[in-house]
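A short write-up of the structure that comes next.
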Amino acid sequence: MPIWLHPEIRAVFFDAVGTLLFPNPSAPTIYAEVARRAGVELSSADVRTRFVEAFRKQEAFDRAAGWVTSEAREHDRWRVIVSETLAGVPDVDGCFLALYEHFSKPTAWKVDPCATEVIQRLAERGIRVGMGSNYDARLWSVLDGFPQLAPLRERTVVSATVGFRKPATEFFREVTRVAECAPNQILFVGDDLDNDYHGATAAGLTAVLLDASNRPHSVNRLNNLRELTD
Ligand SMILES: [Mg+2]
């Protein structure tokens, strides 16, 4: 048994985006497509660079605000990210609405093909499964399209509803409440070192980082989801 699934672990919670769910096509590809429809050719590489920069600025904004969030804040975050990423594209408000809507649909996403088996194996061991996401209410309509994630639904924690986002301890306190066990009995699996791993461990949870990059880390790490239960 892998060290992170030690006998005390009674619940496993997954991050959503980048861990179980992946934009398909990628965000830069669909942003470039929306720009093209508005009459502007942008390369996916340019879009990616701008997107990463805009995203980072919003992370810094949230950090300064003490990681407080809400549906309104999430809407505003994405409106600013789209307007900065697609700066110079006409009707950027229309582009934002198209993208906001796009990512609310299951057709915009794919699920890790190992998810079904991993979730099943955890259930066989009597481990509760759930999700802890920095997304917003759109996560529910996305989940509607993926029956393989249905076992997580009852214990899904969405930051915009909690009022605090990862890595805030308040967010992980809600995960702990929903998991109905002690913090150290919960394993949190996510792809973001700060938001998932450090956030979870600071709140007393056990964590494992999903990272295929082979970057050196002094943390528990998985190359892929399947390794969680292998
Ligand atoms: Mg993630």
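Bear in mind that the values in this text are calculations on the coordinates, not laboratory data. Worth saying up front: this structure is predicted, and the values here are computed from it rather than measured. Here the Cβ positions follow ideal geometry from the backbone for every residue, glycine too, while neighbour counts run over all protein chains shown.
Tell me the label-point distance for the pair K110, E227, using the 7 Å Cα-to-Cβ offset, in nm and rounded to one decimal. Going from the K110 label point to the E227 one covers 2.1 nm. Footprinting exposure proxy ranking of L99, L222, fewest other C-beta atoms within 10 angstrom first, gives L222, L99. Spatial offset of segment 183-230 relative to segment 100-134 amounts to 16 Å, using the alpha carbon center of each. Taking Cα atoms only, the orientation of helix 44-64 departs from the longest principal axis of the chain by about 60 degrees.
Between L97, V162, P23, the Cα set farthest toward the positive side of the dipole of the chain (charges on each charged residue's Cβ, about the Cα centre) is that of V162.
Across all directions, the shadow cast by the convex hull of the chain built on its C-alpha atoms averages 12.0 square nanometres. Over all directions, the projected convex hull of the C-alpha atoms in segment 27-107 averages 5.3 nm² in area.
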